[in-house]
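The values are calculated or read from the model by the stated rules, or taken from the named source; none is laboratory data. Nothing here was measured: the structure is a model prediction, and the numbers come from that model. Note that we place each Cβ from the backbone using ideal geometry, even for glycine, and neighbour counts take in every protein chain shown. The protein model used for the area step is the full one, side chains on, heavy atoms only, and it has no ligands, DNA or RNA in it. Shrake-Rupley method; radii C 1.70, N 1.55, O 1.52, S 1.80 Å.
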Amino acid sequence: MWSTKLSQPPASSYCSLQSSLLSLAILTLLSFTYLSLKSFHSPNSPSSETPSLIVQSSQVVRAEQEVLSDVYNSPEVFRLNYEEMERKFKVFIYKDGDPKTFYQTPRKLTGKYSSEGYFFQNIRESKFVTEDPNEAHLFFIPISCHKMRGKGTSYENMTIIVQNYVDSLIAKYPYWNRTMGADHFFVTCHDVGVRATEGHPFLVKNAIRVVCSPSYDVGYIPHKDVALPQVLQPFALPAGGNDIENRTTLGFWAGHRNSKIRVILARQWENDTELDISNNRINRATGPLVYQKRFYRTKFCICPGGSQVNSARITDSIHYGCVPVILSDYYDLPFNDIIDWRKFAVVLREKDVYDLKQILKNITQEEFATLHNNLVKVQKHFQWNSPPIRHDAFHMVMYELWLRHHVIKY
């Protein structure tokens with residue numbers, strides 16, 4: 001039997017090989033370290049962004065954190081849908097009608113019906129408008145009932161004007177008939193605008209009505225129509241907030257007794273020592289901006305419905321940092337399907353007016369602080385701007401319209 005003995009390399013060869021490999025590893029490590037440090041200090045490196053870009057990035061992060069706040073019913077859903085709206089949503093505006101009369105342009109951007117005017121202006125300033133009706137998700141009917149009222153048009157004539165205008169659009173274009181008007185919308189803040197549409201049944205039944213007086217008991221359809229916030233702009237004083245220590249008055253309301261709930265509110269509480277309730281508007285002769293300044297020092301601002309369910313006092317309260325107390329039945333609160341009003345407001349039934357003081361006193365200081373802090377988070381949603389900015393009143397209304405374009409189709 002043959003056996004073969006394999007020759008073994010000398011030990012010195014192993015040592016030489018190990019030494020070479022170790023040297024190569026050290027050189028490689030030093031090379032990578034040098035290149036990494038050079039890249040870190042390079043002016044083209046992403047980590048060496050300019051201070052302005054860093055600030056912008058932090059602002060975006062803060063904005064995203066606010067959007068994910070529990071003030072929203074479904075924060076993540078809102079964030080994702082909102083971003084999709086910004087990318088895709090397109091609206092076609094009919095060009096028909098003489099702008100010098102009741103069409104295309106708003107009456108004004110001031111006063112308690114300014115929301116209508118701002119929307120008319122904002123949509124033209126936005127990127128949502130398309131000149132191609134075939135790529136439009138929705139169609140805007142640009143007729144201003146507030147402008148009609150300013151020109152002294154009677155309610156009866158308003159109804160006829162609206163009806164004739166819509167009929168002319170139906171006859172001239174094919175778009176209404178594709179959905180019987182379900183992908184069309186109009187905007188009106190004055191309550192006469194709601195009544196002026198009643199002459200055209202498909203406006204009420206099918207089209208999306210964006211209105212400041214969204215009352216369940218007068219034909220408003222929540223899943224179809226949109227509540228437009230009534231904002232009295234420009235505001236007389238800066239926004240309030242983060243000033244809890246200055247708010248020493250329990251509750252405040254002053255205004256005309258032009259509804260049953262306001263009559264009861266004034267009669268029940270106008271002589272109370274803890275609630276500041278006045279059954280008349282504050283006389284300007286008492287001093288400049290006395291009414292607005294009271295919002296700054298009050299914890300809860302009472303917001304009863306007036307001639308309609310809505311009131312500009314709600315957005316006044318939000319702007320000045322005073323937690324609104326909603327006393328209005330059948331009111332579909334603006335953006336109610338996006339934000340949770342009970343996180344920053346006190347929502348009561350009208351019959352609760354008799355227990356109003358005790359209800360407010362039962363809210364602890366800690367609970368009030370939470371309501372107040374959440375209120376500051378939503379202030380931007382109740383502010384109109386020109387041009388419009390992200391998450392302001394205009395964009396929130398557009399988001400509501402975006403949601404409805406998915407739902408209403410024939």
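Summary table below
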quantity: Residue ID - modelled with the lowest pLDDT, chosen from residues in the range 57-97 that are of a type in the set (S, T, N, Q) and surrounded by 12 or more Cβ atoms within 10 Å (Cβ to Cβ); calculated: Ser69
quantity: Sole exception among (1) modelled with pLDDT under 90; (2) open to solvent by 30 Å² or more (accessible area, probe 1.4 Å); (3) under 21 Å from the mean Cα position of the chain (by Cα) for Cys212, by number; calculated: (2)
quantity: Some residue of the range 231-244 being small (Gly, Ala, Ser), within 28 Å of Thr110 (Cβ to Cβ) and at pLDDT below 90; calculated: no
quantity: The lone exception for Ile302 - which of (1) at pLDDT 90 or above; (2) under 20 Å from Gln230 (Cα atoms); (3) more than 25 Å from the chain's Cα centre (by Cα) it fails; calculated: (3)
quantity: Among (1) hydrophobic (A, V, I, L, M, F, W, C); (2) exposed (fewer than 13 other Cβ atoms within 10 Å of the Cβ); (3) in contact with a Gly (Cβ under 7 Å, 6 or more places away or on another chain) - the single one Ala369 does not satisfy; calculated: (3)
quantity: Output for the range 326-385, where each listed residue is within 18 Å of the chain's Cα centre (by Cα), in a helix (DSSP H, G or I) and closer than 17 Å to Gly305 by Cα; calculated: Trp341
quantity: First in the range 140-168 and in contact (Cβ under 8 Å) with a residue 40 or more places away in the chain, second anywhere and open to solvent by 60 Å² or more (accessible area, probe 1.4 Å), Cβ under 7 Å, 6 or more apart; calculated: Ser144/Arg107; His146/Arg107; Lys147/Arg107; Gly150/Arg107; Tyr155/Arg195; Thr159/Glu198
quantity: Matching residues in the range 315-325 - criterion: being in contact with a Ser or Thr (Cβ under 9 Å, 6 or more places away or on another chain) and among the hydrophobic types (A, V, I, L, M, F, W, C); calculated: Cys322, Val323, Val325
quantity: Verdict on Gln383 being in contact with a His (Cβ under 8 Å, 6 or more places away or on another chain) and open to solvent by 20 Å² or more (accessible area, probe 1.4 Å); calculated: yes
quantity: Residues being part of a helix (DSSP H, G or I) and of a type outside the set (Val, Ile, Thr) - total across the range 111-150; calculated: 20
quantity: Failed item, numbered, when Gly117 is tested on (1) over 16 Å from Gly97 (Cα atoms); (2) at pLDDT below 95; (3) open to solvent by 40 Å² or more (accessible area, probe 1.4 Å); calculated: (3)
quantity: Residue pairs meeting the criteria (Cβ under 9 Å; at least 6 apart or on separate chains; first without any contact (Cβ under 8 Å) to a residue 12 or more places away in the chain and among the charged types (D, E, K, R), in the range 222-235; second part of a loop (DSSP other than H, G, I, E, B) and open to solvent by 20 Å² or more (accessible area, probe 1.4 Å)); calculated: none
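Let's see how each residue does on (1) closer than 17 Å to Gln230 by Cα; (2) surrounded by fewer than 19 Cβ atoms within 10 Å (Cβ to Cβ); (3) under 20 Å from the mean Cα position of the chain (by Cα):
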position	(1), (2), (3)
Lys112	yes, yes, yes
Lys127	no, yes, yes
Thr130	no, yes, no
Ala136	no, no, no
Ile141	no, no, no
Met148	no, no, no
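Residue by residue, here is whether (1) more than 17 Å from Arg313 (Cα to Cα); (2) open to solvent by 30 Å² or more (accessible area, probe 1.4 Å); (3) in contact with a Pro (Cβ under 8 Å, 6 or more places away or on another chain); (4) of a type outside the set (Phe, Trp, Tyr) holds:
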{"position": "Trp253", "(1), (2), (3), (4)": "no, no, yes, no"}
{"position": "Asn258", "(1), (2), (3), (4)": "no, yes, no, yes"}
{"position": "Ile261", "(1), (2), (3), (4)": "no, no, yes, yes"}
{"position": "Glu270", "(1), (2), (3), (4)": "yes, yes, no, yes"}
{"position": "Glu274", "(1), (2), (3), (4)": "yes, yes, no, yes"}
{"position": "Ile277", "(1), (2), (3), (4)": "no, no, no, yes"}
{"position": "Asn280", "(1), (2), (3), (4)": "no, yes, no, yes"}
{"position": "Gln292", "(1), (2), (3), (4)": "no, yes, no, yes"}
{"position": "Thr298", "(1), (2), (3), (4)": "no, no, no, yes"}
